[in-house]
C-alpha cells in the first residue's frame, strides 16, 4: 500500500513537470525546489500556474537547461515589466485617489490572469541582479508617485505600498482558490475593500498635511 502511494506521488510529480513545459531532466527538480507538488496539485489553480509558466519558459531560451536562479530572475523581471506597463496604462488620465483605485484594480486583474508572474513580481530581489533591482524599483516608484499625489510620502508611502501588495495578493489568492463562501460578486467585494483602503490612505494623507501645516505655523 505504501509503495503504491509512493508511486502515485512520483507520477504526480512527473505529470506536473510535463504540465509546466519544463524539460524532463530538470522539470521535477524545479517543481520540488520551488513548491510542494502535492500541495500545488490539490489546489484549483495548479493548471493556471502551469500554463502561465509554460507560456514563458517556451520562449525563455534555446538552452534546455533549467537553472532555478535564472528562471526566478527571468520571471521576476518579466512580471515587473508587464505589471509596470499595465499600471501606467491604468493610471493614464487619472490622478490621486482615482489613480490609486485603478492601480489596485489592475494589480488584482494581473494576479488573476498571470498568477505565476504576479507571484514572481511580488518577490523582493534576492540576488544582486541589476535588472531585477531596477524593475522592482521602477514599479515601486510608480506606485509611490500615486501615493504622493494622495499626500502620502516617505515611510507612510512604504507602509501603504506593503499594505496594498498584501491586500491584492491575499484577495486574489482567496478568489483563485475559491475560499470565500457564498460570494455574489468578487468584483463588488473588491471594490468595497479598495474603498476601505483608500479611506485609510486618505486619512494618513490628511494627518500628514495637518502635521506639516502645524510645523510651518510654528
Legend entry - In the stretch 106-146, residue surrounded by the fewest Cβ atoms within 10 Å (Cβ to Cβ) [restricted to those that are free of Cβ contacts under 8 Å to residues at least 24 places away in the same chain, more than 18 Å from the chain's Cα centre (by Cα) and in a helix (DSSP H, G or I)]: 130
Inset, instruction - Could you tell me whether any residue of the stretch 177-184 is part of a helix (DSSP H, G or I) and buried (at least 16 other Cβ atoms within 10 Å of the Cβ)? - result: no
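For every residue, the table says whether it meets (1) over 23 Å from residue 114 (Cβ atoms); (2) touching a residue at least 40 places away in the same chain (Cβ under 8 Å).
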| residue | (1), (2) |
| --- | --- |
| 148 | yes, no |
| 157 | yes, no |
| 166 | no, no |
| 169 | no, yes |
| 177 | no, yes |
| 182 | yes, no |
| 187 | no, no |
| 205 | yes, yes |
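Only the coordinates and a few stated rules stand behind these numbers; no lab work does. Since the model is a prediction, treat every value here as computed from it, not as a measurement. Quick reminder, even Gly has a Cβ in these numbers, built from the backbone with ideal geometry, and neighbours come from all protein chains shown.
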